[in-house]
1. Specify which labelled value, from [x] 19.7, 69; [y] 20.3, 63; [z] 18.8, 64, agrees with Rg and Dmax of the Cα atoms in Å derived from the coordinates of the model shown.
2. Test of understanding: in a Gaussian network model of the chain with alpha carbons linked when under 10 Å, which of Q30, Q21, Q142 would top the mean-square fluctuation ranking?
3. Answer with one residue from W83, A62, I43: the one whose Cα lies farthest towards the positive end of the charge dipole of segment 1-108, charges on Cβ with Lys, Arg +1 and Asp, Glu -1.
4. Please go through the residue pairs K3/K183; K11/K183; K96/K183; K11/K96 and name each one whose alpha carbons sit more than 24 Å apart in this structure.
5. Quick one: order M113, M238 by neighbouring beta-carbon count within 10 Å, fewest to most.
6. Once you list every other residue whose beta carbon is under 11 Å from the beta carbon of Y218, what net charge do they have if Lys and Arg are +1 and Asp and Glu are -1?
7. Order of V33, V60 from fewest to most other C-beta atoms within 10 Å?
8. On the first, second and third principal axes, largest extent first, how far apart are the outermost C-alpha atoms of segment 128-244 in Å?
Amino acid sequence: MDKPNPFAGVKTYDNYTHIWQLTGFILLLQVIVAVLAGVVSAIGRLHLSDFEATLPAVLVMAYVSYAVLEGLGVNWRDSLADWGRRPGRDLLLAVKYFLGYALLLGVVFAALMGAYGLLGDGLAAVMRPVTEKNTVENAALQGVAAVSRLRFLLVLFSACVVAPVAEEIFFRRIVFTTIRLKKGFWPAAFWSGLLFALFHGAAAPIILPCGIYLAWVYERERRLPVNILLHSMVNLTMVTLKVLLL
């Protein structure tokens, strides 16, 4: 006898076409918002960093995801009340899974080092976009931190509050759940994780296993606040390392 689907009854899309349409719509809006932000930045001579410029795009994802779920019948007042029902336990779970995330990163790093030993310059060429993106991000964050404490706090707010909420609602609550209702865990985790990774551009090869891990956490707990808190911890750690150590 087949096990019941753990997400049965969850309000989400009933077919994949809607996911791809929503993804395309969000991407289009993000491009438009990014262009407008660039124009405003140029006119006002603000010289926003890449991290600051992404905030409007992430807000677009958050609002569209909110509106879609509300249209599907999600009662946000009840959902938010449920999110605040057990903050202490959710935080402890997030800390536990953060340790697992750190272990996963260690495994990925060890695998990359082993691959470098075997493939040498070939793998270095493949990974060059990732390392270049990391270098640019480090310089941008360090520049923002040096110029303005307020602007750096805005980057932290975007990376550790807005992005985790928006991305967990879209990639886990909408994309993963929609696929999971029709498929097993691994197909749903892979495709939602792949889409999550592609949204991160050149860092996609590193982000993919992290996206799958976040889907696994959501499968186990079915508590979006746990995922959001975990995602916030990860982003806070990455931002801190980029500014202080790298």
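1. It is the one labelled [z].
2. Checking each option, the largest mean-square fluctuation is seen for Q21.
3. W83
4. K96/K183; K11/K96, as the Cα separations exceed 24 Å there.
5. Exposure proxy ranking, most exposed first: M113, M238.
6. Within the 11 Å Cβ shell, the charges total +3.
7. So the ranking, lowest neighbour count to highest, is V33, V60.
8. 49, 32, 17
Throughout, read-outs are computed from the coordinates displayed, never taken from laboratory work. Just so you know, these numbers come straight off a predicted model, no measurement behind them. No Cβ is skipped: glycine too gets one built from the backbone with ideal geometry, and neighbour counts run over all protein chains shown.
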